[in-house]
Amino acid sequence: MGECVLCRRHGPDLPTERHHLRPERRAESPVVEVCSPCHDQLHALFTNEELRERFDSAAALRGADRMTEYLSWIRGTKKTDISVDTSGHVRDRR
Ligand SMILES: [Zn+2]
Ligand SMILES: [Zn+2]
């Protein structure tokens with residue numbers, strides 16, 4: 001059973017990953033559970049420096065202007081198998 005702290009989707013089929021809130025300090029970084037597309041998306045939208053300096057909490061990531069459009073889209077889909085390419089465009093695999 002996974003739950004994503006960003007899009008708040010959850011369910012037994014939702015693949016989740018651990019995101020290190022401070023990517024350059026993995027050993028001491030807090031981690032949050034995010035789904036695969038959110039994880040891909042946040043690394044496409046933010047540099048490690050931005051993550052460390054400004055977006056080092058789930059609340060900051062959820063509230064980021066850059067995430068708004070993406071989050072409203074993903075919250076509206078029931079699909080769990082979604083791939084996100086590194087240009088930041090979200091694409092449905094099926
Ligand atoms: Zn998510
Ligand atoms: Zn990550």
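Throughout, read-outs are computed from the coordinates displayed, never taken from laboratory work. A quick note: this is a predicted structure, and the numbers were derived from the prediction, not measured. Quick reminder, even Gly has a Cβ in these numbers, built from the backbone with ideal geometry, and neighbours come from all protein chains shown.
Go through ARG62, ARG54 for me and flag whichever is farther than 20 Å from GLU3 by Cα and of a type in the set (Lys, Arg).
Working: ARG62 fails: farther than 20 Å from GLU3 by Cα.
When all the criteria are applied, what remains is ARG54.
One line per residue, one yes/no per condition, for (1) in a helix (DSSP H, G or I); (2) of a type in the set (A, V, I, L, M):
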| position | (1), (2) |
| --- | --- |
| ARG8 | no, no |
| ASP13 | no, no |
| GLU24 | yes, no |
| SER29 | no, no |
| CYS38 | yes, no |
| LEU42 | yes, yes |
| LEU51 | yes, yes |
| PHE55 | no, no |
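In the stretch 1-14, which residues are more than 10 Å from ligand 1 (Cβ to nearest atom) and of a type outside the set (D, E, K, R)? Break it down stepwise before answering.
Pass one, the stretch 1-14, residues more than 10 Å from ligand 1 (Cβ to nearest atom): 1, 11-13.
Within the stretch 1-14, MET1, GLY11, PRO12 qualify.
Just to check your reading of the model, which residue among CYS38, CYS7 is buried (at least 17 other Cβ atoms within 10 Å of the Cβ), more than 12 Å from ligand 2 (Cβ to nearest atom) and either under 16 Å from ILE74 (Cα atoms) or under 8 Å from the mean Cα position of the chain (by Cα) (or both)? Spell out how you get there, then give the answer.
Details: CYS38 fails: more than 12 Å from ligand 2 (Cβ to nearest atom).
Going through CYS38, CYS7 in turn, just one is buried (at least 17 other Cβ atoms within 10 Å of the Cβ), more than 12 Å from ligand 2 (Cβ to nearest atom) and either under 16 Å from ILE74 (Cα atoms) or under 8 Å from the mean Cα position of the chain (by Cα) (or both): CYS7.
Of the residues GLU33, GLU49, which is without any contact (Cβ under 8 Å) to a residue 40 or more places away in the chain and either away from ligand 1 (no atom under 15 Å from the Cβ) or surrounded by fewer than 16 Cβ atoms within 10 Å (Cβ to Cβ) (or both)? Steps first, answer last, please.
Values: GLU33 fails: either away from ligand 1 (no atom under 15 Å from the Cβ) or surrounded by fewer than 16 Cβ atoms within 10 Å (Cβ to Cβ) (or both).
Going through GLU33, GLU49 in turn, the sole match is GLU49.
Taking residues in the stretch 8-20 that are closer than 21 Å to ARG54 by Cβ, and partners anywhere that are within 10 Å of ligand 1 (Cβ to nearest atom) and among the β-branched types (Val, Ile, Thr), the pairs with Cβ atoms closer than 7 Å and at least 6 places apart or on different chains are HIS19/VAL34.
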